[in-house]
1. Does at least one position in the range 287-295 carry a residue that is touching a Pro at 6+ places or on another chain (Cβ under 7 Å), more than 26 Å from residue 118 (Cα to Cα) and surrounded by 21 or more Cβ atoms within 10 Å (Cβ to Cβ)?
2. Given the structure, is residue 210 assigned to a helix (DSSP H, G or I), of a type in the set (Lys, Arg), closer than 30 Å to residue 279 by Cα and at pLDDT 85 or above?
3. Taking the options 230, 174, name whichever one is more than 30 Å from residue 116 (Cβ to Cβ), in contact (Cβ under 8 Å) with a residue 60 or more places away in the chain, open to solvent by 50 Å² or more (accessible area, probe 1.4 Å) and assigned to a helix (DSSP H, G or I).
4. Restricting attention to the range 303-346, and to residues there that are in contact with a helix residue (DSSP H, G or I) (Cβ under 6 Å, 6 or more places away or on another chain) and at pLDDT below 75, which single residue is least open to solvent (accessible area, probe 1.4 Å)?
5. Out of 146, 134, which single residue is at negative phi, open to solvent by 70 Å² or more (accessible area, probe 1.4 Å) and assigned to a helix (DSSP H, G or I)?
6. So, of the residues in the range 187-202 that are without any contact (Cβ under 8 Å) to a residue 60 or more places away in the chain and open to solvent by 40 Å² or more (accessible area, probe 1.4 Å), which turns out to be farthest from residue 91 (Cα to Cα)?
7. Would you confirm whether or not the range 227-245 contains a residue that is within 26 Å of the chain's Cα centre (by Cα), basic (Lys, Arg) and over 30 Å from residue 88 (Cα atoms)?
8. Looking at the range 41-86, which of its residues are part of a helix (DSSP H, G or I), modelled with pLDDT under 75 and open to solvent by less than 10 Å² (accessible area, probe 1.4 Å)?
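The values are calculated or read from the model by the stated rules, or taken from the named source; none is laboratory data. Predicted, not measured: the structure shown is a model, and the values here were computed from it. Methodologically, a virtual Cβ is constructed for each residue, glycine included, from the backbone with ideal geometry; neighbour enumeration extends over all protein chains shown. For accessibility, only protein heavy atoms count, side chains too; no ligands or nucleic acids. Shrake-Rupley method; radii C 1.70, N 1.55, O 1.52, S 1.80 Å.
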Amino acid sequence: MNESLAMPGPGRDRSNTMPMMERHVLKRRQGALMNHGNGGHGHAGHMPSSGSGMAISAWLTGIYFFIEMAIGLWTGSVAVISDAFHTFSAVGGVLVAIIAARLARRPADEDRSFGWYRAEIVGALVNGGFLLGMALIVIVMAGMRMTDPIDLPTAPLLWAAAGGLLTEIISLGLIWKQSRSDLNVKGALWHIIQTFVGSLLIIVTALVIRFTGFLLIDPLLGMVFGFVLLWASWGILRDATHLLMEGTPAEIRLAEVTAALVALDGVEDAHHVHAWALTSGRYVFSGHLRISDGADPQAVLKAAYRMLKDQYGFFFATLQVETACLDESGAEAIDVTHVASKGGRA
């Protein structure tokens, strides 16, 4: 016996042809697909999108870039011009995030059977790379300035920094909540944090120079800021690369999910289990379930799908039910359960 069924995807009307169990699952998935009120994990409850907050942030940051650049060119302040370029990098980061989110909403086709969801992960990767480049530039510039600090006019610095702080606080407030569950928006958020910290450093630099004359404060704080950016870019690049490599999402414990499947009535073994993310908040699961003789495969599938969706929040799942393992020969390298269970399968 070998039965394989998948959670039906959104936008498909298969009510006339699908089995009763699949119709039941489809009805349960309509509406708020991942709104769990039953105390479950709910890992995949958020579908990332660009949203109005991202658009407003891009406009605010873009307008202030021109204002700050004008102040820098008028005064000749290298610090203000440098921070204007930081602001420009934030604009670029937000725009990349918006474009990626819009691409991700395109429907699936024959060439991209999972749709364009991965565009958001690619956008996060681009943003992380951009942040890494900015971090290295800031560190190098700070190192060069350490050997030859310059006297900066403090009044233009304070005016430019004050305007930057106002813009950045509004932008951070608009996208902060979304960035907690969307890797793409998280990359854009770090670009804005970069400019926010840059504005704070300009204020500190201006006040220290005005009251103490200590010119080295500018490159010293810049160096610290550069390493903070380096740390942030590494985190984004690491997470984006992990998802692009089909890595198990950090919120999912594959061993726990496997054990929960094995604990279902009629299930003797769960193997070839895989969990991955299409994008932030959209997790997919596949696996093989070996059932005992006499077990009802439809009942097993129904219970397994309900658990994967309600308890673990998977957006989509494909399960193969079997009484004997028929097609795993030569694929042991991609079966994480093989070592532990190779002696227990028929």
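1. yes
2. So residue 210 fails the test.
3. 230
4. The qualifying residue least open to solvent (accessible area, probe 1.4 Å) is 338.
5. Result of the check over 146, 134: 146.
6. In this case the residue turns out to be 200.
7. no
8. Once the filter is applied, which keeps residues that are part of a helix (DSSP H, G or I), modelled with pLDDT under 75 and open to solvent by less than 10 Å² (accessible area, probe 1.4 Å), the range 41-86 yields 72, 80, 83, 84.
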